[in-house]
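**Q** Attaching a single structure in structure tokens format; questions to follow.
The values are calculated or read from the model by the stated rules, or taken from the named source; none is laboratory data. Computed from a prediction, not measured in an experiment: that's the story for all the values here. Neighbour counts are summed over all protein chains in view; Cβ atoms, including those assigned to glycine, are modelled from backbone coordinates with ideal geometry. Heads up: the accessible areas ignore ligands, DNA and RNA and are worked out on the full protein's heavy atoms, side chains in. Shrake-Rupley method; radii C 1.70, N 1.55, O 1.52, S 1.80 Å.
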Amino acid sequence: VEFWVDVVVATPVHSGLGQALTYRSEQLLAAGCLVRVPLGQRELLGIVWGEAAAPDAAAQLKTKAIISCLDGIAPLDAVWRAVVEFAARYYQRAIGEVALAALPPQLREMDGVQLARRQKLQALRKAKLQAKTGDGPGAGRQATGGEGGATASGALPDAQSATNTVAASAQQVSVIAQFFGESLPPSSSAPKPALLFGATGSGKTEVYLRCTARVLEQSAQAQVLVMVPEINLTPQLEARFTQRFAPLYGADAVVAMHSGMTPAQRLKSWLAAHTGQARIVLGTRMAVFASMPGLQLIVVDEEHDPSYKSQDGARHSARDLAVLRAKLQSEQALQVAPSPDTAKDRGGTNATVAQPCRVMLGSATPSLETWHACEQGRYQRLDMPQRVGDGALAALRIVDMRLAPKKALFAATLLAAIHERITRGEQSLIFLNRRGYAPVLACGACEWKSNCPHCSAYCVFHKIDRTLRCHHCGTTDRVPRACPECGNIDIAPVGRGTEKLEEQLAQALGIDTLLRPDGSPAVIARMDADTTRLKGSLEQQLAKVHSGDVDILVGTQMIAKGHDFRRITLVAAFNPDSALYSSDFRAPERLFSLLMQAAGRAGRDAALAGAQMWVQTMHPDHPLFAALKAHDYPGFARQQLAERTQAGLPPFSYQALIRAEARSQEAAQAFLLAATEAAAGVAAFEHVTLYPSVPMAIQRVANVERAQMLVESQSRAALQKFLSHWQSVLRATKVQGLIRWAMDVDPLTI
Ligand code: ADP
Ligand code: ZN
Ligand code: ZN
């Protein structure tokens, strides 16, 4: 007997192999099975997507056979496949491309034998470990069959209190009750997504921990996914989750998933999540595709953060996919399970009733899309306006730099305030969104500037190793001794990055002469992508700030986000003005949330009064600062949404970008022009607006010219319909010199 199956492999959408490929198989393979298949001269990992219709006799002869099946791995479940399928359709990519990119890289290279060997090794290692430790928590977890009646999902009186180190605040108790109270069956629809709108320091993490505890104790199969925007936020979070849950579910119940891990670690985490051994997965945006058969809760912390939007491949929004995934998971659960009422009627415990999957988005400054969804009643809003222990939010100090002496970098009042912090033994945090020493080197005698030879951008001067580095293509050169154009030796840095800011601030303060209350010398340090490149250096530097070894921390926005530093009472934003009048309509939203986040790093310890957020600006009267001063996010959102309605911008319209990369700018533009012409005959064309193509802000990167074009519609469905039809027309459009093109659906930067 022979069977025919459809298999997806990692082929990009424009290869023309977008759809599943049919293979011959000796056994009937379930959808979701991992297989090795031949493609051309290569052998690839593929995923069985379903049964295929038998090809006709001629085609049968040409149809290749599956090489092997990775039996050791259970098939990827229906919800996982549905999420991948949705992402591929919505973001205009091939299913195989999205599906295979969602698997750990090492898995893609392994065959069944290698995998089996690996799994055996791991099992052995584990058994040894358990024998040594006499194994406590591990044993219970191995039982994947039924579950103990004791863990029934009723309202157990705070069963997790043994591991909850603090008592929940009143507002924490209240939001958790509201979250789980959101109506379930009989309406038998998925619970609404929730927005945890909590001030910085209101204890959102504690809410995530408690919600996780509640979901996990309801069923032995339950799993929880917690996402954070950046890798550098994972260590602290991982520590808190491990501390809370390892005593209950064992040390391997919590796994991480992010791009900073080795391929081997990633495979290990992925397998743990897939088998259900890991109960909690903590990760960055890639984790939204983790295979988690028992998923019952997804938390998206700092949901407004732009890092959730992938900047390559399918360019998906992990936040939006999280919401969708929870919905699909819930629908699946509610479909297969009897409603809790009927289960109770039959006198059974409802422990075996499949639970829906809830999703909680957390932020002090939600994205306007999410906020708008709450206003419309599509999302449930949970408010936590108060800080834990009633700590005050930082008071905003706007410094009018128009009044400062020319060439003054720091307002005298700001220097005095930082000085005061040092003598009190408190910490200050100064951030500037540009790393390196200076954004450009320039010659004083001619027009020479440190242009990158491959990009339309400057190479940034890094003083510490005297290099010029392009932040776009990575080109690194030594600083020339003299101007390459005219020989003048007087070439000087223009502008300022974090490296220079640190130097100048140290100078302005006279840091060498400053002492802490205990008589030890004051310390200034810097933290950005440059200082944290080496493995482990990030953790080390964070630990130094936490332990109080650092009095002043200078850095990029990396330091402004999420960290719970206890002794910071002053935060200063150095020159945020460029975002106030940007051509990007999302710039004010981003600036507001960044400043609010940054301010949130100050005054987290209620015992240290007088927390301040300083902003040095040339536009002190800008309305954004007024809203910031009042800590009034709702007011800011109202004003921004009013502007966006007026202008017909998202969330009141839907957008996609089409980007072209080519050998020349003309070729890139020619493709977009051809695309525009081809659009006229495409379905739903009358419901979309196509804007003229423009060179991208950084027009050339690594010798590739780039251009883009905006497509907009009042209707998401119409835009989707148009894009998918347009896509196939464009695939046939050939332009000389074109390298590649891609669509970006719901782009964040335009
Ligand atoms: P957010 O994420 O909302 O900014 P965190 O979750 O980091 O806030 O909490 C801020 C601080 O308050 C943390 O140090 C946390 O341990 C503490 N905290 C949270 N909840 C409580 C509570 N119920 N009782 C005491 N301290 C709490
Ligand atoms: Zn010169
Ligand atoms: Zn470059």
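**Q** Kindly indicate the residue of the stretch 436-454 that is surrounded by 21 or more Cβ atoms within 10 Å (Cβ to Cβ) and hydrophobic (A, V, I, L, M, F, W, C) and also nearest to ligand 2 (Cβ to nearest atom) among those meeting that condition.
**A** Among those that are surrounded by 21 or more Cβ atoms within 10 Å (Cβ to Cβ) and hydrophobic (A, V, I, L, M, F, W, C), it is C443.
**Q** Another question, if that's okay. Mind counting the residues in the stretch 219-236 that are at pLDDT 90 or above and either open to solvent by 20 Å² or more (accessible area, probe 1.4 Å) or part of a loop (DSSP other than H, G, I, E, B) (or both)?
**A** 6
**Q** On the given criteria, is A602 at pLDDT below 90 and surrounded by fewer than 16 Cβ atoms within 10 Å (Cβ to Cβ)?
**A** Against the criterion (at pLDDT below 90 and surrounded by fewer than 16 Cβ atoms within 10 Å (Cβ to Cβ)), A602 does not qualify.
**Q** Is it the case that the stretch 426-435 has a residue that's crowded, with 21+ Cβ neighbours inside 10 Å, of a type in the set (G, A, S) and at pLDDT below 90?
**A** So far as the stretch 426-435 goes, no, none of its residues is crowded, with 21+ Cβ neighbours inside 10 Å, of a type in the set (G, A, S) and at pLDDT below 90.
**Q** Scan the stretch 364-373 for residues that are within 16 Å of ligand 1 (Cβ to nearest atom) and in contact with a strand residue (DSSP E or B) (Cβ under 7 Å, 6 or more places away or on another chain) and report the count.
**A** 2
**Q** Any residue in the stretch 462-485 that is within 16 Å of ligand 2 (Cβ to nearest atom) sitting within a Cβ distance under 6 Å of a residue that is in a loop (DSSP other than H, G, I, E, B)? List the pairs, counting only those 6 or more apart or interchain.
**A** From residues that are within 16 Å of ligand 2 (Cβ to nearest atom), the pairs are L468/S450; L468/C459; L468/V479; V479/R466; A482/I489; C483/W448; E485/C446; E485/W448.
**Q** Among the residues of the stretch 709-726, what is the count of those that are surrounded by fewer than 18 Cβ atoms within 10 Å (Cβ to Cβ) and in a helix (DSSP H, G or I)?
**A** 5
Conditions (1) closer than 17 Å to A87 by Cβ; (2) modelled with pLDDT under 95, marked per residue:
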| site | (1), (2) |
| --- | --- |
| I280 | no, no |
| V299 | no, no |
| S307 | no, yes |
| A322 | yes, no |
| R325 | yes, no |
| P338 | no, yes |
| E375 | no, no |
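**Q** Taking the stretch 492-502 as the region of interest, how many residues are under 20 Å from C455 (Cβ atoms) and within 16 Å of ligand 2 (Cβ to nearest atom)?
**A** Within the stretch 492-502, residues that are under 20 Å from C455 (Cβ atoms) and within 16 Å of ligand 2 (Cβ to nearest atom) number 2.
**Q** Of S291, S307, S330, which residue is of a type in the set (S, T, N, Q) and part of a loop (DSSP other than H, G, I, E, B)?
**A** The unique qualifying residue is S291.
Conditions (1) outside any loop (DSSP other than H, G, I, E, B); (2) closer than 18 Å to R586 by Cβ; (3) open to solvent by less than 40 Å² (accessible area, probe 1.4 Å), marked per residue:
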site: I658; (1), (2), (3): yes, no, yes
site: T689; (1), (2), (3): yes, no, no
site: A697; (1), (2), (3): yes, yes, no
site: A707; (1), (2), (3): yes, no, yes
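**Q** Looking at the stretch 448-461, is at least one residue of a type outside the set (S, T, Y) and away from ligand 3 (no atom under 16 Å from the Cβ)?
**A** Yes, some residue in the stretch 448-461 is of a type outside the set (S, T, Y) and away from ligand 3 (no atom under 16 Å from the Cβ).
**Q** Still on this structure, please answer the following. Got a sec? Which helices (runs of 4 or more DSSP H) wholly within the stretch 486-601 have at least 2 residues that are over 24 Å from A392 (Cα atoms) and among the β-branched types (V, I, T)?
**A** Those helices (runs of 4 or more DSSP H) do not exist here; none qualify.
**Q** Related question: Being out of contact with any Ser or Thr (no Cβ under 9 Å at 6 or more places or on another chain) and farther than 28 Å from N433 by Cα is the requirement here; does Y654 meet it?
**A** no
**Q** Out of the stretch 422-447, which residues are part of a strand (DSSP E or B), in contact with a Phe, Trp or Tyr (Cβ under 8 Å, 6 or more places away or on another chain) and away from ligand 3 (no atom under 16 Å from the Cβ)?
**A** Q427, L429, I430, F431, A438, A442
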